[in-house]
């Protein structure tokens, strides 16, 4: 029975031409050999499995080859190449710094360097994982590395360049190896599959290449495992089952449910994914990656950023045309927020489900935010007049702030929107109905402009996460709403104070101490016929007034029969009363009123008691 050799060893590149995805490295090394400009020391650094040690061995074999090809490759047939391939070359030494990292090991290496090659031109020393050397070993190696014999070449390989001393780095030519692209890995795997007579699907090879994260050795290990699992019939389904990867179809179906606001199906699909053994955090990260792929599929210039097979790429392009950019960006924001809070949550499943529910509400929220604010047409006016039971229409436009006096600047608190002149007649105050309106205060500053072309450019703005959260659940909110009407009867300051004191008593009975303090500290001012100015001393009081503003204005407007009444705030200095506690303080206070009091005290020979 023939011994099995893993693909990572069996198909290890033997020439520069067969190295995958590192053309910038191999091209430079071939030119250096061709022009006889070899450095005394090389440093190969990069992630695992990208070809650092392989390129070091190819370089060592090529520079001692006595019969180079026109492409500056080792011939593989000369005595030097044959001895290298069989492992009997005395001109090639490889040291594992992970297990030989002491000063004694470096001293032994230096002793070997002094011996010139018996055959060939160079002696090559490869030190793998060089960052594992101790600080003393590095220092012992410095002199030899800087001034080696003319026949000695050092090739250092490491995955962690930042751990190497700067004095070592300055003595080497540094080559940074890149992560291998997904297409390069899948193409290399396809060549191996053809040579091994293995049936493969392109989608399955792309999944392996993505999972390898730029490391060809990892990709080859997974390839061998799945080939054994499938008995040389590598399919997309077998890859995702063996590597425990969520199928693309899950995310395509989920995006469709989210875009159509189908909460039930979205939650059922997530439950199915959990029952298949997948982690919620991996799921939400996969959903974020899927949304990112949809985003780059929107623009033909960014489609090349998709690292998927051609079949999957067409699915992304098709679905991206069905989803708005605003939906994708808002959903990405929600997915990212869920990922940040997932690990610290005690109910992790609820975090993901809550994110999915919010994503389902994105289309409805965006639709509300796009409602036009133009006046109603004549047809709408006629329709409203005939329907008496219909609630008053609400203009979503933001009211202009009331101007404040120049000599005493005040800060305006946003009140309810004023109805347009074309609004229907208001119901009398005693039977007035409160109009239920979506709480879009947090998103009414955002102008959403649909882009017919579907491109990412065009000025489409997306509501923030807080805006979405507030607006999505605002329709079912129990928060008080403003009462709207058209009555604007004039009122006097005395009428205002009567209602003011009545509401103060109501607030006192409800035990709202902080609001009671604001209303009773200073009397209100009627700065304009429909503008009431309230004095506050700090921002905390302004926040308290803002929270109670809806009920307070509803009370005043309905009782005064004036729905244009608004409240502004004016910050005043907090005057601290100087209270007199001791007898001495009281005496000095009286003394300021009447200086002769001191003369009387002296005549009567009186003392001040503490």
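The values are calculated or read from the model by the stated rules, or taken from the named source; none is laboratory data. In this text the structure is predicted, and so the values were computed from the model without any measurement. Glycine gets a Cβ as well: all are built from the backbone with ideal geometry, and neighbour counts include every protein chain shown.
Out of all the residues in region 109-143, which are at positive phi and in contact with a strand residue (DSSP E or B) (Cβ under 7 Å, 6 or more places away or on another chain)? Walk me through it before giving the result.
Start the filter on region 109-143 by keeping residues that are at positive phi, which leaves 120, 129.
Residue satisfying the conditions is 129 alone.
Let's see how each residue does on (1) surrounded by 13 or more Cβ atoms within 10 Å (Cβ to Cβ); (2) within 44 Å of the chain's Cα centre (by Cα):
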site	(1), (2)
38	yes, no
55	yes, yes
66	yes, no
104	no, no
114	no, no
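With (1) on the phi > 0 side of the Ramachandran plot; (2) at pLDDT 85 or above as the list, and residue 106 as the residue in question, which single condition is left unmet?
If we test residue 106 against (1) on the phi > 0 side of the Ramachandran plot; (2) at pLDDT 85 or above, just (1) comes out false.
Can you pull out the residues in region 290-316 that are surrounded by fewer than 16 Cβ atoms within 10 Å (Cβ to Cβ) and either over 22 Å from residue 203 (Cβ atoms) or modelled with pLDDT of 90 or more (or both)?
Passing the criteria: 292, 300, 301.
Determine whether residue 513 is surrounded by fewer than 14 Cβ atoms within 10 Å (Cβ to Cβ) and either within 29 Å of residue 481 (Cβ to Cβ) or in contact with a helix residue (DSSP H, G or I) (Cβ under 9 Å, 6 or more places away or on another chain) (or both). Walk me through it before giving the result.
Values: surrounded by fewer than 14 Cβ atoms within 10 Å (Cβ to Cβ): yes; either within 29 Å of residue 481 (Cβ to Cβ) or in contact with a helix residue (DSSP H, G or I) (Cβ under 9 Å, 6 or more places away or on another chain) (or both): yes.
Against the criterion (surrounded by fewer than 14 Cβ atoms within 10 Å (Cβ to Cβ) and either within 29 Å of residue 481 (Cβ to Cβ) or in contact with a helix residue (DSSP H, G or I) (Cβ under 9 Å, 6 or more places away or on another chain) (or both)), residue 513 qualifies.
With respect to residue 97, is the statement that it is surrounded by 13 or more Cβ atoms within 10 Å (Cβ to Cβ) and within 47 Å of the chain's Cα centre (by Cα) true? First the steps, then the outcome.
Values: surrounded by 13 or more Cβ atoms within 10 Å (Cβ to Cβ): yes; within 47 Å of the chain's Cα centre (by Cα): yes.
Here the answer is yes, as residue 97 does meet what is asked.
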